[in-house]
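Asker: My questions will all concern the structure given below.
The values are calculated or read from the model by the stated rules, or taken from the named source; none is laboratory data. The shown structure was predicted, so the numbers you read here are calculated from the model rather than taken from an experiment. Cβ coordinates were reconstructed from backbone atoms using ideal geometry, including for glycine residues, and neighbour counts include every protein chain displayed. Ligands, DNA and RNA are excluded from the accessible area calculation, which covers all protein heavy atoms including side chains. Shrake-Rupley method; radii C 1.70, N 1.55, O 1.52, S 1.80 Å.
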Amino acid sequence: MLDDAQFHGMFFADVLGIYDVYGGNGPALSSASQIPILDVSLMVGAMAAATTNLSFGLTASTTYENPYALARKFATLDHITNGRVGWNIVTSYLQSAAESFGLDQQVEHDERYAMANEFLEVVYKLLEDSWEDDAVIADPASAIYTRPEKVHKINHSGWQVLQMCWANLVHPSPQRTPFLLQAGASKAGKTFAATHAEAMFLPGMVPEKTREIVESMKALLRENGRSEGSMRFIAGIFIVVDETDEKAQAKFEDLLQYADLEGTASLFGGWSGTDLSQFSDDEDFAFKGPPAIQSMINTWTATVPGTAGLKWTKRRVLQELAVSGAHPRAIGNAQTVADIMQRWVDRAGVDGFNISYATTPGTFEDLIEHLWPELRRRGVLQEKYAGHSMRENYLQDGEGARVRKGHPAGSEHRS
Ligand SMILES: Cc1cc2nc3c(=O)[nH]c(=O)nc-3n(C[C@H](O)[C@H](O)[C@H](O)COP(=O)(O)O)c2cc1C
């Protein structure tokens, strides 16, 4: 359905531990707050077979994955999707994940980004450098499949990946490196994004605040010798649309009655590190220490519309996050919603949206039925995919697909 409606891509968030800051494991399990969570990489093949243009953004953590194994996995996915795969690079934030991977404590926030940086260096060497374009000839006459002299050991040595000597296990795929997405917007997160990311998910509830992140990112891109067009800025948004404003509002009110506030508190515990079970409903609490996801929580608390100067209480946090999460809400008929989206484009300077859903089936059918005709009428909906790969579709031709140092813009590989 998304493929037919010309969505650029489908994004899958992921976590590697359970949300247990709020009341232990119970609330997350009973409300299904990101648990159970299946491994999407095992399902992308089936989704790719059922679609022709839609891209798939998968989340993988540089803190717990192994670069050699992950490079192989993404090269495989890039082959079977024919270049329609992206990697949402995360550094992770749950203490429960650290413990599940055998650590007593999470690696410290900025150090996780330093590890991520080295992880990417290794992945580039494996995916971009270890196999030359013409390594595989599969030539029956000479009985040579791969020319050994065209496959190179990468010889990486560093502090995290101590010694890595071999080449990728998979031959070059259409994009080689998957399209790179990133979400953290702390200082360390932005520096990382300016070095590696090609699209960034931005936090924020009001466009003017998100614009500050966009502007600072553009400055960082220029410092890194990158063009502004080499990065796409994507805002999160929660949409409820119907024939009239009244119907959409009624639909949202109806959804609210199903909100699981224990589940909301559980997610908030993981994002912020704050356990709301320690507070009564109307008690004023101060956020202590740096939150687990700095950019999300700092931006969110600072920018929830209409809350300046108000107390942060458990009741208010849960009311604001119920159903829509930490995303701006666009609720109304097609015109109302399109106007809100346009405001984000104009005032925040974002290029597109990551639309979170309330129900499935439900949300996406509504979008396509009610909102798409209005966006099409305004000429802001993509009518035709720009290319074949995720990178071509997100960045378009001529904007420098290969943006990293040492990897000049160039032809993509087709298989
Ligand atoms: C909008 C948004 C979406 C995110 N999605 C995920 C996710 O799916 N999985 C994950 O482990 N981390 C996710 N993160 C966390 C970030 O990748 C990053 O690890 C975290 O934000 C800490 O970095 P920061 O302090 O720079 O924001 C997300 C963050 C933001 C702001």
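Asker: For segment 327-341, check the following and say yes or no: at least one residue is within 27 Å of ARG84 (Cβ to Cβ), touching a residue at least 12 places away in the same chain (Cβ under 8 Å) and touching a Leu at 6+ places or on another chain (Cβ under 6 Å). Step through it out loud before you land on a result.
Answerer: So the first thing to find is which residues in segment 327-341 are within 27 Å of ARG84 (Cβ to Cβ), and the list is 327, 341.
With the extra rule that they be touching a residue at least 12 places away in the same chain (Cβ under 8 Å), the set shrinks to 327, 341.
Adding the requirement that they be touching a Leu at 6+ places or on another chain (Cβ under 6 Å) leaves none.
Checked segment 327-341: no residue is within 27 Å of ARG84 (Cβ to Cβ), touching a residue at least 12 places away in the same chain (Cβ under 8 Å) and touching a Leu at 6+ places or on another chain (Cβ under 6 Å).
Asker: Also, I was wondering about something else. Consider segment 175-218. How many of its residues are in a loop (DSSP other than H, G, I, E, B) and among the charged types (D, E, K, R)?
Answerer: So the answer is 2.
Asker: Among the residues in segment 132-145, are any surrounded by fewer than 18 Cβ atoms within 10 Å (Cβ to Cβ), without any contact (Cβ under 8 Å) to a residue 60 or more places away in the chain and aromatic (Phe, Trp, Tyr)?
Answerer: Yes, that holds for at least one residue.
Asker: Give the residues of segment 102-142 that are among the acidic types (Asp, Glu) and not in a loop (DSSP other than H, G, I, E, B), sorted by residue number.
Answerer: Matches in segment 102-142: ASP110, GLU111, GLU118, GLU121, GLU128, ASP129, ASP139.
Let's see how each residue does on (1) closer than 19 Å to LEU202 by Cβ; (2) in a helix (DSSP H, G or I):
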{"site": "ILE355", "(1), (2)": "yes, no"}
{"site": "PRO361", "(1), (2)": "no, no"}
{"site": "GLU369", "(1), (2)": "no, yes"}
{"site": "HIS388", "(1), (2)": "no, no"}
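Asker: Right, another one. If you check ARG176 against the conditions, is it within 14 Å of the chain's Cα centre (by Cα) and either modelled with pLDDT of 95 or more or within 16 Å of the ligand (Cβ to nearest atom) (or both)?
Answerer: So ARG176 fails the test.
Asker: Additional query: Filtering segment 326-345 down to residues that are part of a loop (DSSP other than H, G, I, E, B), in contact with a Phe, Trp or Tyr (Cβ under 8 Å, 6 or more places away or on another chain) and not small (Gly, Ala, Ser), which residue is least open to solvent (accessible area, probe 1.4 Å)?
Answerer: If we take residues in segment 326-345 being part of a loop (DSSP other than H, G, I, E, B), in contact with a Phe, Trp or Tyr (Cβ under 8 Å, 6 or more places away or on another chain) and not small (Gly, Ala, Ser), then PRO328 is least open to solvent (accessible area, probe 1.4 Å).
Each row is one residue, and each column tells you yes or no for (1) open to solvent by less than 60 Å² (accessible area, probe 1.4 Å); (2) touching a strand residue (DSSP E or B) at 6+ places or on another chain (Cβ under 6 Å).
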residue	(1), (2)
SER55	yes, yes
TYR64	yes, no
ASN88	yes, yes
PHE101	no, no
ASP104	no, no
ARG112	yes, no
LEU120	yes, no
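Asker: Within segment 191-210, does at least one residue satisfy the condition of being away from the ligand (no atom under 16 Å from the Cβ) and open to solvent by 20 Å² or more (accessible area, probe 1.4 Å)?
Answerer: Yes, that holds for at least one residue.
Asker: When segment 217-239 is examined, which residues are found to be out of contact with any Leu (no Cβ under 8 Å at 6 or more places or on another chain) and either more than 19 Å from MET296 (Cα to Cα) or open to solvent by 40 Å² or more (accessible area, probe 1.4 Å) (or both)?
Answerer: Those that are out of contact with any Leu (no Cβ under 8 Å at 6 or more places or on another chain) and either more than 19 Å from MET296 (Cα to Cα) or open to solvent by 40 Å² or more (accessible area, probe 1.4 Å) (or both): LYS218, ALA219, LEU220, LEU221, ARG222, GLU223, ASN224, GLY225, ARG226.
Asker: So which of ALA75, ALA97, ALA69 is without any contact (Cβ under 8 Å) to a residue 24 or more places away in the chain and within 23 Å of HIS196 (Cβ to Cβ)?
Answerer: None of the others qualify; the one that does is ALA69.
Asker: Counting only residues that are open to solvent by 10 Å² or more (accessible area, probe 1.4 Å) and hydrophobic (A, V, I, L, M, F, W, C), which one in segment 179-190 is nearest to the ligand (Cβ to nearest atom)?
Answerer: Across segment 179-190, the extreme among qualifying residues is ALA183.
Asker: Counting only residues that are modelled with pLDDT of 95 or more, closer than 24 Å to THR63 by Cβ and more than 16 Å from the ligand (Cβ to nearest atom), how many does segment 1-23 have?
Answerer: 0
Asker: Exactly one of (1) open to solvent by 60 Å² or more (accessible area, probe 1.4 Å); (2) in contact with a helix residue (DSSP H, G or I) (Cβ under 9 Å, 6 or more places away or on another chain); (3) at pLDDT below 70 is unmet by ASP281. Its number?
Answerer: ASP281 satisfies all of (1) open to solvent by 60 Å² or more (accessible area, probe 1.4 Å); (2) in contact with a helix residue (DSSP H, G or I) (Cβ under 9 Å, 6 or more places away or on another chain); (3) at pLDDT below 70 except (3).
Asker: Ok, one more. Quick check: is even one residue across segment 107-126 under 28 Å from GLY83 (Cβ atoms), more than 16 Å from the ligand (Cβ to nearest atom) and free of Cβ contacts under 8 Å to residues at least 40 places away in the same chain?
Answerer: The answer is yes; a qualifying residue exists.
Asker: Out of curiosity, is TYR93 of a type in the set (Phe, Trp, Tyr), at pLDDT below 95 and in a loop (DSSP other than H, G, I, E, B)?
Answerer: Yes; evaluated as a whole, the condition is true for this residue.
Asker: Let me ask something else about it. Sort through ILE154, ILE239, ILE234, ILE144 and tell me the only one that's within 21 Å of ALA348 (Cα to Cα) and away from the ligand (no atom under 13 Å from the Cβ).
Answerer: Unique residue meeting the criteria: ILE239.
Asker: Being open to solvent by 50 Å² or more (accessible area, probe 1.4 Å), over 30 Å from LYS314 (Cβ atoms), out of contact with any Asp or Glu (no Cβ under 9 Å at 6 or more places or on another chain) and in a loop (DSSP other than H, G, I, E, B) is true for just one of LEU38, LEU2. Which residue is that? Give the derivation first.
Answerer: Values: LEU2 fails: open to solvent by 50 Å² or more (accessible area, probe 1.4 Å).
After applying the criteria, what remains is LEU38.
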